[in-house]
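Contents: one structure, followed by commentary.
Read-outs: derived from the displayed coordinates by stated rules, not from any lab. The shown structure was predicted, so the numbers you read here are calculated from the model rather than taken from an experiment. No Cβ is skipped: glycine too gets one built from the backbone with ideal geometry, and neighbour counts run over all protein chains shown.
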Amino acid sequence: MKDFLIYINNHFILFVLSISLLILVFIASRISKKDKRILISILTATLLLAIFEYLETVFSELYVNSENFPRYLLSSLCYILRPTIIVLFYHIRLSFKTKRYFLIWIGVLLNATIYILALFAYKNSNFRFVYWYNEYNLFCRTWLGYTVHFICGGYLLGLAIASIVSTTINKTRRQIDIFILVTAVMAALAQGLCMGLNLSNSYTTEVFVLGAAIYFIYLNYDKAATDAVIFERDMQAKTTALMLSQIQPHFIYNTLATIQVLCEIDALKASETIADFSKYLRMNTDALSKTEPVPVIEEINHAMAYSKIEMTRFDNVNVTFSVQDKDFKLPVLTIEPLVENAIKYGVRARKDGLVEVMTYKEGNNHILVIKDNGIGFDLAKLQNDGKVHVGINNVKTRVENMVNGTFKIESVLDHGTKVTIIIPEE
């Protein structure tokens, strides 16, 4: 028991890290099934290697004779597992698209065959061409007994060369190449020092676990970075789709027709409307290049430009702005689409249509309210009408995902609609 505790103490980090990683790999949701299988295989094989190494020392002390089969078995299993673990790291580095990946395992199979045959040496001296234990329990071997070292060294060298070449020529996945290179060098140094100094423990097992831990961290980082890119592209696509949906041909034609009429009856008003229309179009176009939330005042100005055009076209429409809080940001194209919906589907039908846009601070929250006295609608019917409401859903999704805000719609038939956006302080 004392020897076991001493062994656990000497390899405490190995066991703790291996078991912790196994648990994390099982519960990790970001890692693909293929990567999970590889990591679980590496960690399981490494834990078995550590256990076999300990049991080997136990049997070497309990049974001192040349026919100690358990020790032969455990020694051969350790020799078989070492190159197996290294080849599993090859599956991290390489992406096999054909069945030729089996060729990578030739060295492992050759090594396993040699050390399986070595098992018969415990009974038959004719099989003592790899390694054996003599009557004094001393380890002996021929040149074939170094097979595992040569095969492991070859595998590690191959990994290092593949990583150097890929890092130099292929610019993708450079982090994983560097990680593999460092792991291979550490394992080679540990194995080389063990052979050169005749040490009882090379600590290559710890190196394997450390490599698996670094790979696990990399996988999570890589997946998080990929998710961030996908999220940004999705948000940008939604912004682009909304911007394109806002610039509708009939709105442009109607605005130009309004300007044409104004040129004949009110040149100054026509000039102001052209300026507002130009500002509106420019802001819509600029929205294409903006991936981050923008100051609320930019959104207010955009909505104002649109509102002025609509108020010029429709005498019964009035849009007011009460901006008490300017110290927060919104996803681009948030306010203008909501104001457009309020005018187009709400207040145009009213004799005195009114849309109110308000911002104010309430506790630790920034509040944006867009309220109208339009015809309203049945919210339950809207949600179940089978139609895709691009504008509202688009704005809601981006507010929730980009600024961690909440989006609420309240509407009463023949009384109007109220949209409330609540954004927590950064």
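What is the calculated FRET efficiency for residue 350 to residue 257, with r their C-beta to C-beta distance and R₀ = 22 Å, to the nearest 0.05? Efficiency, from the Cβ-Cβ distance: 0.45.
Sorted from greatest to least, the principal axis extents spanned by the alpha carbons of the range 247-424 come out as 50, 35, 31 Å.
Suppose R0 equals 25 Å. What FRET efficiency, 1/(1 + (r/R0)^6) with r the Cβ-Cβ distance, do residue 57 and residue 33 give to the nearest 0.05?
Working: r = 37 Å, r/R0 = 1.48.
Here the calculated transfer efficiency is 0.10.
The gain in end-to-end length when the residue 272 to residue 24 segment is fully stretched comes to 83.0 nm, 0.36 nm per residue minus the alpha carbon separation. For the cross-link pairs 308/418; 361/381; 361/396; 308/408; 269/418, the ones whose C-alpha atoms lie over 24 Å apart are 361/381; 308/408; 269/418.
So for 78, 140, fewest C-beta neighbours within 10 Å to most, what's the order? List each step's numbers first, then the result.
Numbers: 78 20, 140 12.
Least crowded to most crowded, the residues run 140, 78.
Between residue 119 and residue 135, the contour length at 0.36 nm per residue exceeds the Cα-Cα span by 4.2 nm.
Just want the ordering: 75, 271, 289, from fewest to most Cβ atoms lying within 10 Å of their own Cβ. Kindly include the intermediate steps, with their values, before the conclusion.
Working: 75 23, 271 13, 289 9.
Ascending Cβ contact count within 10 Å gives the list 289, 271, 75.
Counting other C-beta atoms within 10 Å, which of 38, 409, 106 has the fewest, and how do the rest follow? Listed from fewest to most nearby Cβ atoms, that is 106, 409, 38. Annotation: extensible slack from residue 327 through residue 126 equals 63.7 nm (criterion: 0.36 nm per residue apart, minus Cα-Cα distance).
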